[in-house]
Every structure is written in C-alpha cells, then in structure tokens.
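Written out below as structure tokens is the structure these notes cover.
The values are calculated or read from the model by the stated rules, or taken from the named source; none is laboratory data. Just so it is clear, the structure is predicted and the values come from calculations on it, not from any experiment. Backbone-built Cβ (ideal geometry, glycine too); neighbour counts: all protein chains shown.
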Amino acid sequence: MKNITKYILGALVVFAFGCEGLLDESPQQSLPLDGVYQTTTDLETALVGAYNAFQHSDFAGCNLSMSPDIIADNGDWRGSFPSFVDVSNQAVDPTNGEVLGLWANGFRVINDANLILESIDNVDDGDIATAGPRIRGEALFLRGAAYFEMVRFFGKPFGSSSSSDPAVPLVTASTALGNADLFPARASVEAIYAQAVSDLTTAEGLLPESNGVGFATSWAAKAYLAEIAFQKGEYAEASSLAAEIIAGPFALTDEPKEFFTNESNTEAIFVTSHTSQDNPGVNGSLPTFHHIDGRGGDVVVSMDLMNNGFGALITTDQQAAADGDGVSLVDLRLSTLTSDGGTFTETGGVNIEKYDGFVNNDDDAPIYRLAEFLLMRAEALVRVGDQVDADAIALLNQVRTRAFRATDGAGAAVDAATYVNYEAGDFANAQELLDAIILERRVELAFEGNRFHDLNRIGVNVKGTSTGADALVWPVPQRDIDANSSLVQNPGY
Amino acid sequence: MYMKRLFFLLVVCLFSYSAWAQSTVSGTVSDADGNGIEGASVNVKGTTVGMFTNESGSYSLRVPEGGEILVFSFVGKQNQEVAIDGRSTVNVTMTDADVTLDEVIVTGYGSQKRRDLTSSIAKVGSDEIKNVAVSSFEGALQGRVAGVNITANSGTLGAGVNVRVRGIASINASNQPLYVIDGVPLDGIQGTALGGPGTNPLININPTEIASVEILKDAAATAIYGARASNGVVLITTKSGQGGRSRVEINYYGGFSDATAVYDILDGEQYAQLWNQAGEAWAAARGFQRSDWYTQGFQDTVIGNELLTEGQQPYSDWIDLVTQRGFLQEVSASASGGDANTSYFISGTYRDEDGYVVSTNLKRYSFRANINQRVNDRLTVGMTLNPSRTENNRQNEDNNVASPFTYGALYFPHVNARDDNGELSFERPENGRGQFAGTPLGNIEGQDIKLVTTQLLVNTFADVKLSKDLTFRSELGAASIQVTQTGKQASYTTDGFPIGAANAISNANLNINWANFFTYNRTFGLHGLQATLGSAFQRVDVVNLNVSGNTFADDRLKTLNSAAEITAGGGSGTSYAFQNNFLRVNYSFNNRYLLSFIGSYNGSSRFGAENRYGFFPAVSAGWTISEESFLQGNNAISFLKIRGSLGQTGNAEIGNFASRGLVAFGRDYAGLPGYELSSVENPNLRWETTTQLDLALEFELFNRINGTIGYYNKNTTDLLLNVPQPLSTGIATSASQTASPNPVALQNVGSVRNAGFEIELAADIVKTNDFSWNLSVNIATIDNEVTSLADNDGDGEPDDILVGRQIYRVGEELGAFYLVEYAGVDEANGDALFYELDAEGNQGEATSAYSTANRIIAGSPFPDYFGGFVNTFTYKGLELTAFFQYSVGNEIYRNEGRFIMNNMSSVWNQDVRMLNAWTPENTVTDVPEARLFTTNGSQHSTRYLEDASYLRLKTATLAYNFAPNVLGPVDLRVFVMGQNLLTFTNFTGLDPEASGQAVGTARSGDIFFSRPQSRTITAGFNLGF
C-alpha cells in the first residue's frame, strides 16, 4: 500500500514538474522571423509576398484603377458601398475604408521591400551574386511605385508648395528588424517624389528587360519614371523617357480589347497579375465593380464621358467626310469595351467592360501600356515646343487608327484612318492639339486610373472642385491619427 | 448529490470485507406522508455495512459487532442517524432536506455542500434546463444567475452564445468562460462563420442530459483552473444513475417558432415614391429636373437611374417570403439505476427544429452512457461516453448580403418574386443598378449549406482508495470534434452567380485531457480537513481543410466534384498545451469557521519563452454565524453566513503563437508562394492576471426566505492587449486580398476593473398545503472601467484604442460607444446635422460637415443592472411559472441603419420611418432629406445608437403534475411553455438581446441585421417510472 502511494506520488511529481517539453508547440503555417530572410530563395519568396501586397484590391488590384475615375468625371458610383459613394462624391472622411486600405497596403509593400533591402547584404549563398541585383531592383521598384501611388492621393498635386505640403511618412527602414521609427511624421510631397524617383532610377539599372507577366522590368521602372516626370510637369524629361519606351519592345494590339483579354499581349508594360486564386471574394475586384454582371455595375460611365468624351472624338469635318462617302465609323472602345455596345438605353447607364472576369475576378489590373506613352509623348512634345507638332499628331493618330473601324454603305470594311486621323491643319494652335490629345487620353485610358491625376496635373476642376482643394486630398486614416501622435491631419478633416 | 452517493457507496464497499454478522435489524423508511421510500441507503455508522431499501421502503441489515448507529440517507432528504439500542426493528420517517443549504456543489476536482462553501458558485439544476425549448444549454441559463450576462449573438438557429461572468475584463483575449464538461475542459473549438459571428461550438451538448451546471465566479472557486479562469468557469455535470433505484424517463415537447420581430420596410409603391423623391432632390442639387433626364439625353453631365412610375409598382414582401412558422420537437428517453456495485445512466435524444427563416433546420442526435463500477474494495472505475451529431441546415449569416433575412430587408420591393408561371423571377427593376445578383427567395431556394458537427466526448476514471481518508483519482478524457460544412450556391444566387459555386470546410479538433489528483478527507474532533492535490495536462490539436470551386454545368449538382474550376483550397493546423498543478485545502472548525486555500501552478505553450509558468493563489474564509450559540434557537434567522475570498486567476485565450515573431505564408502572387511579416515577437508575453475580491452574506429567514447578497471587485492587470501599431509599420496581419491589415503588437499592458453587487433572493411568499407562491429574484450591477492602457507613442498619456464605433479609453467603460453626435435635421434645407465640440469640449455648434464634427463617448454596451425573476405558483398539481429577464441601461449601435435607414441614399429598401424624410413641406423631422447617391446623415453617428433596456417574459410555463400514485407507479408532468412571449422596450431594432459579435470578443452591442430571437410555444410531457 505504502509503495503504491509512493509510486503514484512519485509519478505525479515527475509529471507535474518534469515535463516542460510538453508545452513545446510549433506553428504549422508560419515560420519564425529569424528563420527566413537568410537565403536567396527566402528573398525571392519574400518578394512574391511584396507583389501580393501590391496586388491587394485596395491598392493596385482595384483601387488605383477605379478611384481616380470615379473621383473625377469619367465614372459615377451607383453601388451601395458607402465608402465608394463617398469616394465618388469627393466626400471621404478619415474612417473611409478605401482611404485606409490604400494607406495600409502601400505601407505593407514598403515594409516588405525594406525587409528585403536590409537583408540582402547578409545573404551569402551561391545564388545571390546572380539574383541579388534583380531582387534589389524589384524591391526598390515596388517601394518607389508604392510611394508614387500614395503621394498622389494623400498629398496635394505636385507644384510650387510641394516642399512643404505634407504627404505620407517616409519609411525606408524595416519595422521588424528594429531599425524603423515606428511613429514617423509625414514627409513632404517633394520628399516622397524624390524617394520614388531615387528608388525607381536605381531599380531601372538593376532590373532585366523581361521578367514574366506581372513582375517588374527595367521598362516598368522607366514607365514609372516617365509618369512621375509627367505628373511633375517635367515634360522634356517625360517626353524623352516616353520616346525610349515607344522605341522599346512594345506594340499596340490590333484591337483595344485584346490588351484586356489576352494576358500575353504585346502592349503591356506593367500589370498586376491576378488568378482565380487571388481574389475569390465577391467584393473588391475590378470586374466586380465595373461589369454589369459583376454586381450589376456599380461604376457607370458618366454622361460627361459619353457626351464630352466618346461623343466628341470625331470632329464635325471628319463626320461630314464620312457621311459624304456613306461610311459609318465605329469606336471599338465603345462597341467592344462597354455594355450594350455603348448605346445609351433607358434601362440606365453604360458600364465599362474592360474587366470581364467577373466569375473568378482574375483580370490583370493595368498599370502601364504602350498607348499611354504614345499619348504622353504627344502631349509632352506639344507642351515643350508650344506648337502644332507633327510628331505629336502622328502619335495621336496611332491610337486613333487602332481604335476606329469604318464600313461603307455595303457593309465592307474601309480604312478608318482616312476619316479619323488628324492633320496639322485641323488645329489652329497648340492648345487645340493639346485638347485633342487630352480628350483621346481620357477615352483611351478611361477606368485605368488616370483621369483624376491628369486633371490634377493640368489644373482643371475635378467635377467642379478646384485641384488641390481639401476635398480632393485624402485624409490620413483615423486609425493612424489615433495610433501615431506624430501625424497631422490634412485640412478639412 | 450524485457525488455524495458515490462517495457513500465507495465507503460502504471498501470496508465491507471486515464486517461479520452479529445481529439483524430491519424496518421501513418512509416519507412524511407514510409512503415507503425506495432506494434510500441505510448503513451502520463506522462500518462499511449498508444497503438500499426496496420498492416498499424496507430493509434488512446484519449489523456487525460494535455497530450502534444506523445512518439513513436519500436524495432530497435530511440524513438521519438513529441509535439501534438493541432493537431489531428500526422504522424511520425522513423529512425533506434543506434543498439550498445541503445541495452539493461541484467545485472542480471535487465537491462541497453549499453550507460549507466559502466561494461564489452558482448552480442551475436540471429542472430549470431540461424543458426549455432552446437548442443550446446556455440559452436555458439566461437570466438565472446573478452577475452572469448571457446573450445570443443572433437569433439564428445554432448561433453562438456570449456568456459574461461579472463583466468584461479583456480587450483582446477571449471573454468567454472556460467550459468543463464532466471534468474535461472543452476549449479550442470554433464555430463556423458565414459573414457573421458564427455558430455555437457547444451546440452538441444536450441540455436534457445535464444534471447541473455550476458557474464558478470568484477567485476562490476558479483559481484551481489557474491561468484560464478569470472569465469564470462553467462546470457541466451530466446525469448519472443511482444504485438501487431504477428509473425510466421519457420526455417530449413539440411546438412552433416564429421571429419575435421583423423589419417594417417600404412596399413597392412606397419605395417608388421615396426613390423618386430622392432622385428629384439629387437632380435639383445639380440644377435640373429629374424628369428631364432622358429628354436632355447626352446634354446632361451625369446619368443616373430611372424614375419609377408611381401607382404601377408590383410588390414582393420579401421578409414574408423568406420567413416561416417553424416546427420544433424533441424526444428523449433515459434509463438509470444500478446496484451496490454498478450504476448506470443511458439516454438518447432526438431534436428537430426549424428556424423561422425558410429552409433552416437543426437536428441533433445525442446518446450517452455514464457507467460506474466498483471493481473491488479499493478500486472504482467509470466512464462517460457521449457521441452526438448535429446537422445544421443554415443560411448565410446576418452580415452577408446573401443571407435571405438581410437581403429580404434590403432588396427591391417593387419587383415580382415569381413570374406568371410561378418560376423564380430575376427581373431587374428599372433602377436595378449596383445591386448584387440573386433575390432573397432565389437565395433560399438555391443555397444549400449544411454544417455537421460530430462529437465524441469520453472520460474514463479510476478511483483508488489508498486509505480510509486518502483517495487517488485518475481521469483520462478526450473530446473529438469534427466540424464539416458543405455549401452549394446555385447559378442564380448572390454568391453562386452566374455559374454556381460550392465550398467545403472541415475542422478536426482533438482535445486530450489527463488529470491525476489525491483527495484527503478527515475529521479530527471539531476540526475538518479536506485537501486536493493534483496535476492535469491538456493538449488540443486542430486540423482545418477548405476547398472552394465554381463553374457547374447544372444547378442540381451539389458537390465540388462537379465544379470545373477549383478556386481555392487550403489546409492548416495548430495546437496548444496547458499544464496545471493544483492544491486545495479546506479547513473547518466546529462547523462554523471555514477556511480555504487554493493554489495552482500553470503553464501554457502560448506564453513567451520567458514566461511559461505562473502561480495563481486564492484564500477564502467563512463564518457560519447561525451555528453560534447566540443564534441557536432563533426562529427568524435559520441560517446566516458571511464569507469572503481573495485570489488571482489568469486569462490565456489568445492565439496559439501570439508571442512569436512570425512571417506568414499564403501571400502568393502569380502562382508563386510568398510570405510577409505578420507579427512581431514578444518573448515576455504572459497571461492576464485578475485579482478578485469577493464578499457575501448568505442567509435564510423564517425557513422561508433565503438569499445571498454579494459584492465583487475584479482588477485585471497585464491585459493581453493588441496595441495598435501605425499602419505605416506595414505589418501584414491578414492574407486577405480584400481586408486591410491591422498591425498590432500583443503586449501585457493595461488594466480593467469590474465591480458590482449581486443579489439573489428566493421567498416562499405563500406556502399552504394546496397553494404556494414562490418568487425568486436576481439582480446584478456592473461597474466597469478601463483603469490603464498603453502609452504607445511615448507622449506620456495612455492611448485610446478604437475598434469600429467603440473605444477603449482610461476612465471609461470598456468598449464605450464613441460616435459623432447626431443633431437632427436642418429645418431650412434638410441637411443632417452633427455636433461639433466647443473649446471646452462641450457640445458646440451643429454642422452639416460631418468631417468637422467630433466624436464623443455616447453610450455603453454594459447594463447598469440586469438579471431575472421567476414567479412560481402551484395549486395542487397545477403549476404556473413566469420567468422574466431584464437589462437596464445598455445601448446598442444599429450599424444596419446605415443601409436600411439612410433616407434612400442608395438602391436599398428602407425602413418605413424614412418616409418621414425632410421635404420643403415637411421640415420638422429627424429624418434628413432623401438624396439619391448622396450621403446625408448615414455616416456613423448617434443617429443609430439606441437604448436597449428591456424586460422580457422569457419563459412562461403552465404545467400539471399528476399526484403520486394516481397513475400507479408512473409519474407524469404535462406542460405548455412559451418563450419570448412579451418584450417591453423602447429599442426600435429587432431584438434588444442581440450582441452581434463573435462570442469571445470584448465588443458587444454593435449589430448588423442580427436576426431576432424566436418566439416559441411548445407543449410536452415528462413521464417517469
């Protein structure tokens, strides 16, 4: 009896105090931080994580393409999401989910990139010599791109006061490795632009010319640098960078629709790649919000874009010439990339159909394609030379030739260029040519995230609101105003 | 009681070998009416000799040498000790025990009589639980126990239930108590969520099998569970057999259920009227007439949705189409009994309940065998075995627009639900833009979602009698819980549009628990000593799988095998372990001075490497004043005790690897795997510590009124706080491609205080032979305050934490509503107005610019006081019980208001009160002007915050108990019961009881289309023999 008691007691004591190993459990789908960022493969995998963040629906996956068009006059929001109602009405408040999403995911990309950039010098394996420069280039590319996308929403348009206008915090050290100031203040618009230019310039030198669909290349970096120069009004720089891109390995697709339906098209310079695995949810993708079969078409083509955009592309003279020949003109961007072939019906507005993967939400999100740079260079040439520039007209006509089709009275195809292409004589002065380029740009790039930024650049009211007005500069998310006392809110919020 | 009998049996058996016969004593044991009591135990004091009485109450016992006193005991009767005095016949009349004071309370690794308790433990017995027509046992506890606030997070069938013992102490760790069923801690199980707070993981626990539920409230009661006890502990004890008394019971009830309330929304014409009104206002703001839209054609700068033709609109009452009067029934049968060596309880239960939402149904099959066997004088073994299965045919939850009840409230009323041929119609109305696909009725018919929970609970034990005073017990238990949910959404549903979708998830949860402990029990003269020393180890392992796909050839195909495209698939696993070493010593002197010490030394895999183990002590003391000579013989005060306790417990309900710095995978891009930083390391992370003081006075007056008046004060420190990190840190907490990250650092920082009074009173107001009226009341207050928080940004001030519309701020209640104050409508122009704060922080000017208005502490999710009261009237066999539940002083934020009460700023249908929107003719109103596609007052504000105080007739029961012997050996009770029959409240939402949040969360009272409780009327019987 005594022995039994002793054994049981003994066993109990051992069990109770001798088995600390019993409490050792390990996570199964995560790894400890000190076990990664060690090898070239680790960094490649981390880089994929950074692209994944960049691809988030509140960032490049949807928001960057959609919001600029509904803030501006291209689209109207007709859906039920209160956050986008407010975006479209230029009435966001600091708790707006889209505002928070853009800020949060931008910094997610930046921290992902910072971790890679800080770790890369510590990697010492056989592959780093070959892969290292590209990995560094991709990380810098993503960081620079994220800063440029964010500064255009959270800061005033680039201009004379940019050295003092607040934008977003400038974070170039990683959070996890203890290097970063976790409570940074906002840097100036100018400083953020400078960081973006610096990152992308370095990236351009490190990146390869091709890198697979959805991944950064030297061309993608150059495209960003061109647009940054363009956005800053540095037109000579934009013009020359655009010229380099135009001379690069890109070609317009035969029809506008092909860029959107064929993921290995010739025109893409940079897109974010989406598969059916990326965004299986209903809410948050480009087709969800744009396509009539997504959620019924939350975003409609505004009457202004129909009337003063699509409706104004053909001049009276061009139309008269076509009519005289019994030729009818069709804009493929209207007939193949909008619902109902672009005809206005009484059942409501027209939806854009650039994004039609509403089943699996797997449309790639466009960032840059060749047409944008044809029009960029055209505009930049005119602005630099301040004259009716023949090269600019030729560039503009490339886009128009691709977009329009013509048929004669018998229904046979005829050359549309004859009717829609401009000649120098069509323009009385440089401004008229500029107007035509900006109009073409508005229609060609509609719902690809340019219109708001273009209006900011050229200083034209955004749906009646002056550029730079408080309502057009997004607030710092309340979440970070509350979490970081170094942040100062934008005026008007 | 069962524990006591078990112990008695053990004592009887263990020492029987040493007895030999000297004389025989026989007799009859009867009750006050002279009826023989079957199954009463008779034993010879100081020996192990004993037996049970037979059917007529007779016994015949051989008394060994030296046996002088017989001890008679029976459940519900006072024990009696009778000297034999050389007699050969000893007849005994047993009187009823004091049900309150002699009740045995399960305490965790032991039990105690309530009379001797020095801690705060509430007990709810089988009678209060078994006939209540709720699917979960927690529902039957609502309003029964002072200081325990129980709210279903939705009225959805099988929804989770929040149980809050003495307030809310934790901001980021769970606030649910620890559940222990027959000794096995049952945790680590999650409900499954479909756009809502999720299902109840404890749904398989069958209320009719429960013998008692003990809720451990203070530190002295809970400290034995150490690091996870600070939210209280709920001990569930299932029924067991009684040796010597066979009994068969058959229970049945059946009835109907309806929603307690539904939304009052616009019909087709009203919708058209408000739509047009809103459209005109929108157009007017742009300087033209809405009716001119199409004549102006391309000349306008904007386009919008069509004007609706008033007077010609069809109407579908979607809410009516998606709701029904549901049928519910439950039948159970059990047999129990045994002999001196064996006792058993076996039972089976079938439950079938329709929800009031069409197509929802819950079925439960539950079986149980609880068997104890005395192997020999020293060893007793036993097993509880409980296989069960629940099938929940459900619909999406409240937060998901595909939920028929939610969508029914929002969807266009001015369309036809079916076409002329009776087929589902999906015709879009003229203004049908920006709407999801599918209709509410289509979703009902085309969604097929089935959640099956298969659960096996098993616990085995061995009791070894090491000496007269010392017992060793080893328990090995396991809970194996398999949750499988399959869903199919037809091509015409919101989620399945346009080609059909399907998904499946599986969660397999294995919970192993091994406990070993010694119990020492001895009386030395006037000193009584009871001690428990032991150890327990628990490991929980979870494996999750999920697959989704789409593209179906035919809507009749139901499984993923027919999906052409598999869009997502995943598998994950996690595990954690707890280790607990515990000691409890109870000491009593002269039956009146009671002292107790409890300590546990706890470890968990969840804590940081530097802080694996912690020590949780508690002391308690009691003084039974009524035992003192100066109160002896006092008729007024039949019992009086004061008691108090002080101790520490912990809360460890955080993520299994929350202390680690991790990168998370699944951050994939272009078909390649990726990872990101998902959490930062905290090697010092440990449990939250709650230090709790508990004081109480227990009394019984005139043998008629008994009660407890208590006070508690809980200070929770070292909160497991997700300290918000700026989003600019870029910590990527979520893999979702649509949700935003929420970077936090989990730290032990901050503190919360909960204090309150708890009063429980029960009185026999009238007590005659034929008629009695008993009233029992409980009331509890909660004084909750956040006492410190992290100073995250180094400015010397604790930082507020905002989650949704709620705030954690020092000096305020935890999760107080923090909202801009709505100032009504500008009579001049119909603008919604909000208050700004002036320089002194007081209410200032009203402004229409929401962005410049200021948020204020606007309300509290905590009631000032809450509880319940029961009136029970009996007249002969007739019994009427009315149980009311109440809560006073809490607010609910109706987040759904931004959709259904936004004065037509989007296409959604509206509450009828929106018809009172401002117009130039109707300027005095609190509903702003309806402006299509324009936010006017639907921002988050106190407009949607409401007082949710209520008084509810929770259950009303009319029953008839047939008198003994009327039906021979059969006893029968027949009853009619109504639930949620009446509610008195000013709350304008559907249900003031809704909590709207997942069960563990600190936030509550922010609801989004939460479905209301059901109103049920059932009739049934309990038959036994």
> Limited to region A:137-177, what total is found for residues that are of a type in the set (A, V, I, L, M) and either in a strand (DSSP E or B) or in contact with a His (Cβ under 6 Å, 6 or more places away or on another chain) (or both)?
Replying inline: 2
> Just for region B:643-684: of the residues that are away from chain A (no Cβ under 14 Å) and in a loop (DSSP other than H, G, I, E, B), which one is surrounded by the most Cβ atoms within 10 Å (Cβ to Cβ)?
Replying inline: B:E653
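For A:D389, state whether it is more than 30 Å from A:L102 (Cβ to Cβ), touching a residue at least 24 places away in the same chain (Cβ under 8 Å) and touching a strand residue (DSSP E or B) at 6+ places or on another chain (Cβ under 6 Å). Lay out the reasoning, then the answer.
Details: more than 30 Å from A:L102 (Cβ to Cβ): yes; touching a residue at least 24 places away in the same chain (Cβ under 8 Å): yes; touching a strand residue (DSSP E or B) at 6+ places or on another chain (Cβ under 6 Å): no.
Against the criterion (more than 30 Å from A:L102 (Cβ to Cβ), touching a residue at least 24 places away in the same chain (Cβ under 8 Å) and touching a strand residue (DSSP E or B) at 6+ places or on another chain (Cβ under 6 Å)), A:D389 does not qualify.
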> What is the one condition in (1) at pLDDT 95 or above; (2) in a loop (DSSP other than H, G, I, E, B) that B:L951 does not satisfy?
Replying inline: (2)
> Of the residues that sit in region A:36-81 and are assigned to a loop (DSSP other than H, G, I, E, B) and among the hydroxyl-bearing types (S, T, Y), which one is farthest from A:A176 (Cα to Cα)?
Replying inline: A:S80
> How many of the residues in region A:119-160 are in contact with a strand residue (DSSP E or B) (Cβ under 9 Å, 6 or more places away or on another chain) and free of Cβ contacts under 8 Å to residues at least 60 places away in the same chain?
Replying inline: 3
> Going through region B:692-724 one residue at a time, which ones are more than 30 Å from A:A483 (Cα to Cα), buried (at least 23 other Cβ atoms within 10 Å of the Cβ) and of a type in the set (S, T, N, Q)?
Replying inline: B:Q692
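Listed here are the residues, each with its yes/no results for (1) in contact (Cβ under 8 Å) with a residue 24 or more places away in the chain; (2) part of a strand (DSSP E or B); (3) more than 14 Å from every other protein chain (Cβ to nearest Cβ); (4) not aliphatic (A, V, I, L, M).
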position	(1), (2), (3), (4)
B:Y711	yes, yes, yes, yes
B:L721	yes, yes, no, no
B:I731	yes, no, no, no
B:Q737	no, no, no, yes
B:N754	yes, yes, yes, yes
B:E758	yes, yes, yes, yes
>> So A:N461 ticks every box in (1) in contact (Cβ under 8 Å) with a residue 40 or more places away in the chain; (2) closer than 30 Å to A:Q318 by Cβ but one. Which box is left unticked?
In response: (1)
>> Tell me whether region A:467-480 contains one or more residues that are outside any loop (DSSP other than H, G, I, E, B) and of a type in the set (G, A, S).
In response: yes
> In region A:155-207, how many are among the small types (G, A, S), over 30 Å from A:D34 (Cβ atoms) and within 14 Å of another protein chain (Cβ to nearest Cβ)?
Replying inline: 3
> Which one of these is more than 11 Å from chain A (Cβ to nearest Cβ), in a helix (DSSP H, G or I) and not charged (D, E, K, R): B:S638, B:S626?
Replying inline: B:S626
> Conditions: (1) away from chain A (no Cβ under 14 Å); (2) out of contact with any Phe, Trp or Tyr (no Cβ under 7 Å at 6 or more places or on another chain); (3) of a type in the set (K, R). B:R894 meets all but one. Number of the miss?
Replying inline: (2)
>> For region B:80-117, give me the residue count where each residue is β-branched (V, I, T) and under 26 Å from the mean Cα position of the chain (by Cα).
In response: 5
>> I want to confirm something. Restricting to region A:53-88 and keeping residues that are more than 8 Å from chain B (Cβ to nearest Cβ), surrounded by 24 or more Cβ atoms within 10 Å (Cβ to Cβ) and among the β-branched types (V, I, T), which single residue is farthest from A:G309 (Cα to Cα)?
In response: A:I71
>> What's the number of the only condition in (1) in a helix (DSSP H, G or I); (2) of a type outside the set (K, R); (3) closer than 24 Å to B:S740 by Cα; (4) more than 10 Å from chain B (Cβ to nearest Cβ) that A:A129 fails to meet?
In response: (3)
>> Filter region B:518-562 down to the residues that are surrounded by fewer than 17 Cβ atoms within 10 Å (Cβ to Cβ) and either within 13 Å of chain A (Cβ to nearest Cβ) or on the phi > 0 side of the Ramachandran plot (or both) and list them by number.
In response: B:Y520, B:G525, B:D541, B:V543, B:L545, B:N546
>> I'm trying to understand the selection: among the residues of region A:301-338, which are crowded, with 20+ Cβ neighbours inside 10 Å, away from chain B (no Cβ under 11 Å), touching a residue at least 40 places away in the same chain (Cβ under 8 Å) and in a helix (DSSP H, G or I)?
In response: A:A322, A:R333
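From the list B:V974, B:V999, B:V970, B:V966, which one is buried (at least 24 other Cβ atoms within 10 Å of the Cβ) and under 30 Å from B:D127 (Cβ atoms)?
Numbers: B:V974 fails: buried (at least 24 other Cβ atoms within 10 Å of the Cβ); B:V970 fails: buried (at least 24 other Cβ atoms within 10 Å of the Cβ); B:V966 fails: buried (at least 24 other Cβ atoms within 10 Å of the Cβ).
That would be B:V999, the only listed residue that is buried (at least 24 other Cβ atoms within 10 Å of the Cβ) and under 30 Å from B:D127 (Cβ atoms).
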> Could you give every pair whose Cβ atoms fall below 8 Å, whose first residue belongs to region B:563-579 and is more than 7 Å from every other protein chain (Cβ to nearest Cβ) and closer than 12 Å to B:V547 by Cβ, and whose second residue is among the hydrophobic types (A, V, I, L, M, F, W, C) and in a strand (DSSP E or B), counting only separations of at least 6 or pairs across chains?
Replying inline: B:A563/B:A501; B:A563/B:A502; B:I566/B:V547; B:G569/B:V547; B:G570/B:L545; B:G570/B:V547; B:G571/B:V543; B:G571/B:L545
> With respect to the numbered conditions (1) of a type in the set (A, V, I, L, M, F, W, C); (2) closer than 30 Å to A:D86 by Cα; (3) more than 35 Å from the chain's Cα centre (by Cα); (4) away from chain A (no Cβ under 14 Å), which one is the sole condition not fulfilled by B:L967?
Replying inline: (2)
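Yes/no matrix, rows are residues, columns are (1) at pLDDT 90 or above; (2) farther than 26 Å from B:R389 by Cα; (3) aliphatic (A, V, I, L, M):
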{"residue": "B:K488", "(1), (2), (3)": "yes, no, no"}
{"residue": "B:N503", "(1), (2), (3)": "yes, no, no"}
{"residue": "B:F517", "(1), (2), (3)": "yes, yes, no"}
{"residue": "B:H527", "(1), (2), (3)": "yes, yes, no"}
{"residue": "B:R539", "(1), (2), (3)": "yes, no, no"}
{"residue": "B:V543", "(1), (2), (3)": "yes, no, yes"}
{"residue": "B:Y576", "(1), (2), (3)": "yes, no, no"}
> Across region A:388-420, what is the number of residues that are acidic (D, E) and either touching a His at 6+ places or on another chain (Cβ under 7 Å) or not in a loop (DSSP other than H, G, I, E, B) (or both)?
Replying inline: 1
> In region A:136-158, what residues are farther than 29 Å from A:T41 by Cβ and among the hydrophobic types (A, V, I, L, M, F, W, C)?
Replying inline: A:F148, A:M150, A:V151, A:F153, A:F154, A:F158
> Which of the strands (runs of 3 or more DSSP E) contained wholly in region B:20-114 include at least 2 residues that are surrounded by fewer than 13 Cβ atoms within 10 Å (Cβ to Cβ) and touching a residue at least 40 places away in the same chain (Cβ under 8 Å)?
Replying inline: B:21-30
>> Go through (1) within 14 Å of chain A (Cβ to nearest Cβ); (2) at positive phi for B:N591 and report which single condition fails.
In response: (1)
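Looking at region A:238-248, can you tell me whether even one residue there is more than 14 Å from every other protein chain (Cβ to nearest Cβ), in a loop (DSSP other than H, G, I, E, B) and either at pLDDT below 90 or within 22 Å of B:G195 (Cα to Cα) (or both)? Let's see the steps before the verdict.
Just the residues of region A:238-248 that are more than 14 Å from every other protein chain (Cβ to nearest Cβ), to begin with: A:238-248.
Cutting the leftovers down to in a loop (DSSP other than H, G, I, E, B) gives us A:247-248.
Remaining after also requiring either at pLDDT below 90 or within 22 Å of B:G195 (Cα to Cα) (or both): none.
Checked region A:238-248: no residue is more than 14 Å from every other protein chain (Cβ to nearest Cβ), in a loop (DSSP other than H, G, I, E, B) and either at pLDDT below 90 or within 22 Å of B:G195 (Cα to Cα) (or both).
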